[in-house]
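In what follows, a single structure is set out as structure tokens and then discussed.
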Amino acid sequence: MLFRIIVIFILAALSFGIVSAQAPANPRLRELDFTPFQDALAALTVARMTAIDALVVNVTVPDIQAAFAAGTLTSEELTVYFLARIQMYDGLLHSYVELNPNALDEARAADQARAEGKATGPLHGIPVNLKDNIETVAPMHTTGGAAILLDHVAEQDAAVVTALRAAGAVILGKANLSELAGAISMTPGFSAVGGLTVNPYDANTTAGGSSSGSGVSTSAYLTMVSVGTETSGSLIYPAMINGVVGMKPSRDLVSGAGVIPLVRFQDSAGPVGRTVTDAAVLLNAIDTVDVDYVAGLDANALNGVSVGLLHADLLSDVNSVVAADEREANIELIVNGLQSAGATAVDVPLAALPGTFIWVVFGGLQNDTMGYLASAGAPATTVSELQAYNNAEPEQRIPTGQGLLDFAVSTPVNAATYEQFALAFRQMATTALDDAFAAAGADVLVSVGNIHSTYYATAGYPAISIPLGVLQTGAPVGVTLIGSPGQDAALLSYAYAFEQVTHLRVNPKLD
């Protein structure tokens with residue numbers, strides 16, 4: 001029983017975010033540097049800021065492209081707008097760990113290319129940020145949020161960054177995260193480098209993890225879109241709890257080359273946006289196939305579709321962000337939305353999985369993450385050495401502790417055992433999901449947040465979270481749709497159809 005309690009707590013810390021957001025106050029190890037943008041920020045008038053607000057708030061990336069085409073907005077102006085908001089609000093939110101000093105140069109180059117008729121597509125000139133476990137070349141660093149990687153500069157961009165640059169995107173900077181994708185502290189959304197990411201709706205509500213900075217910065221209009229990553233719920237949950245759309249694609253749809261690994265068998269980068277349309281635009285740019293997800297979006301996609309509702313799990317899950325007395329009403333809200341879109345919801349059971357997933361996480365940290373640190377030249381190549389490094393200066397390197405790392409040190413998992421556990425757990429998760437799809441004759445399964453992340457993330461199935469408004473506590477909540485492997489375009493279209501009949505997202509109030 002004690003072991004099961006420990007496992008539940010650790011998994012909650014990794015993804016669900018039940019640990020209090022009230023971590024010890026701490027500064028960033030590297031403050032954000034606005035020096036390269038001083039002149040542009042000083043030239044931005046209140047009147048122009050207000051005018052850009054009207055062009056940006058509650059719109060999609062295609063709407064921004066229309067503004068670019070009409071000449072009412074430039075990429076340079078949009079980039080300065082986001083930088084100004086970062087300067088105003090990120091001292092509180094800590095959603096960034098670093099700004100790209102070349103961001104304005106990239107925006108100006110995008111404007112010049114557009115003027116010459118050389119715009120490269122829907123993401124051209126659009127400001128994007130990247131979770132800081134995604135490698136970027138100098139002058140930016142890639143830290144994973146860890147003090148041990150504070151000065152680490154990658155030799156080349158990650159594959160997703162190369163794709164973004166080819167699409168003409170403007171890289172705004174690196175987003176904060178749960179340190180090393182949640183492998184160190186039990187405080188979600190905290191990193192030694194970036195501090196504690198703060199939920200823009202309520203500072204007392206967790207910002208989730210591990211893609212906390214992606215969720216917060218997108219929700220608070222500190223970027224247009226963001227690229228996060230997921231191992232098990234670490235993209236879906238922070239998207240939901242910060243009131244935005246987040247998608248974990250099918251396994252290997254987005255290249256993991258150049259992403260600091262946690263569990264190489266299931267890590268996946270994915271899009272975060274304020275709308276399903278924006279998530280589709282971003283996935284178009286970073287995936288490895290030739291599919292136009294935006295063109296496939298259909299407001300009638302759910303009409304006649306059977307969906308499997310994981311009703312019993314949604315009512316009983318102790319880690320749910322939804323309080324027990326609100327769960328049935330929240331499920332009713334979801335079902336009403338599905339029915340309004342023409343879908344038929346069928347209650348479906350899902351077989352329980354054993355508590356052995358934690359061994360997969362420990363194995364990934366000890367073999368994959370530490371392997372990355374070794375290749376990066378970090379002064380620690382084992383979890384014991386990393387533990388000792390952090391303990392040498394705990395107030396700076398681990399101000400919220402390193403409980404997960406401590407557990408890993410006491411629980412060695414060698415490479416062969418790790419692979420065995422990971423592949424066996426993948427098969428169990430796959431079988432459970434396939435049985436649930438078959439039981440309901442369903443094209444999609446319906447959950448909330450990342451309650452079922454150990455299923456879809458482990459199996460490599462796609463999942464997407466769509467905002468459902470806010471709870472009585474003021475915290476955002478969302479519905480999660482789980483699709484079949486390789487059916488990412490269909491899943492995006494289902495999510496779009498649900499979004500179009502509900503329109504439940506609300507913006508946080510920062511002023």
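Before moving on, here are some points about what is shown:
- Residue count for region 237-273, restricted to those that are under 23 Å from Pro508 (Cα atoms) and in contact with a helix residue (DSSP H, G or I) (Cβ under 6 Å, 6 or more places away or on another chain): 12
- Residue in region 347-354 that is surrounded by fewer than 17 Cβ atoms within 10 Å (Cβ to Cβ), touching a strand residue (DSSP E or B) at 6+ places or on another chain (Cβ under 6 Å), under 27 Å from Tyr456 (Cβ atoms) and not hydrophobic (A, V, I, L, M, F, W, C) present: yes
- Annotation for region 180-198: at least one member residue is buried (at least 24 other Cβ atoms within 10 Å of the Cβ), in a loop (DSSP other than H, G, I, E, B) and on the phi > 0 side of the Ramachandran plot.
- Of the set (1) modelled with pLDDT of 95 or more; (2) closer than 30 Å to Val160 by Cβ, all apply to His311 but (2).
- Sole residue being part of a helix (DSSP H, G or I), closer than 25 Å to Ile236 by Cα and among the hydrophobic types (A, V, I, L, M, F, W, C), chosen from Ala424, Ala388: Ala424
- Residue in region 234-248 that is under 9 Å from the mean Cα position of the chain (by Cα), in a loop (DSSP other than H, G, I, E, B) and in contact (Cβ under 8 Å) with a residue 12 or more places away in the chain present: yes
- The set of residues in region 469-504 being assigned to a helix (DSSP H, G or I), touching a Gly at 6+ places or on another chain (Cβ under 9 Å), polar (S, T, N, Q) and under 25 Å from Pro200 (Cβ atoms) consists of Thr502 alone.
- Number of the exception - Thr473 against (1) of a type in the set (Ser, Thr, Tyr); (2) buried (at least 24 other Cβ atoms within 10 Å of the Cβ); (3) within 19 Å of Pro238 (Cβ to Cβ): (2)
- Considering residues of region 28-84 that are of a type in the set (Val, Ile, Thr) and closer than 30 Å to Asp151 by Cβ only, the residue surrounded by the most Cβ atoms within 10 Å (Cβ to Cβ): Thr79
- Only one of Val276, Val307, Val294, Val322 that is under 30 Å from Val128 (Cα atoms), touching a residue at least 24 places away in the same chain (Cβ under 8 Å), hydrophobic (A, V, I, L, M, F, W, C) and in contact with a Leu (Cβ under 7 Å, 6 or more places away or on another chain): Val276
- Of all residues making up region 476-511, the number that are over 19 Å from Leu297 (Cα atoms), crowded, with 24+ Cβ neighbours inside 10 Å and of a type outside the set (A, V, I, L, M, F, W, C): 2
- Scope region 407-421; condition crowded, with 17+ Cβ neighbours inside 10 Å and either out of contact with any Gly (no Cβ under 9 Å at 6 or more places or on another chain) or in a helix (DSSP H, G or I) (or both); matching residues: Phe407, Ala408, Val409, Tyr418, Phe421
- Considering region 380-403, the residues that are under 15 Å from Asp368 (Cβ atoms) and in contact (Cβ under 8 Å) with a residue 24 or more places away in the chain include one that is surrounded by the most Cβ atoms within 10 Å (Cβ to Cβ), namely Leu386.
- Filtered residue count, region 336-372, keeping only those that are assigned to a helix (DSSP H, G or I) and more than 22 Å from Asp435 (Cβ to Cβ): 18
- Members of region 427-449 that are among the hydroxyl-bearing types (Ser, Thr, Tyr) and either closer than 16 Å to Val360 by Cβ or part of a helix (DSSP H, G or I) (or both): Thr430, Thr431
- Residue match in region 254-265 (condition: touching a strand residue (DSSP E or B) at 6+ places or on another chain (Cβ under 7 Å) and aliphatic (A, V, I, L, M)): yes
The values are calculated or read from the model by the stated rules, or taken from the named source; none is laboratory data. All values derive from a computational prediction rather than experimental measurement. Cβ atoms come from the backbone with ideal geometry, glycine included; neighbour counts cover every protein chain shown.
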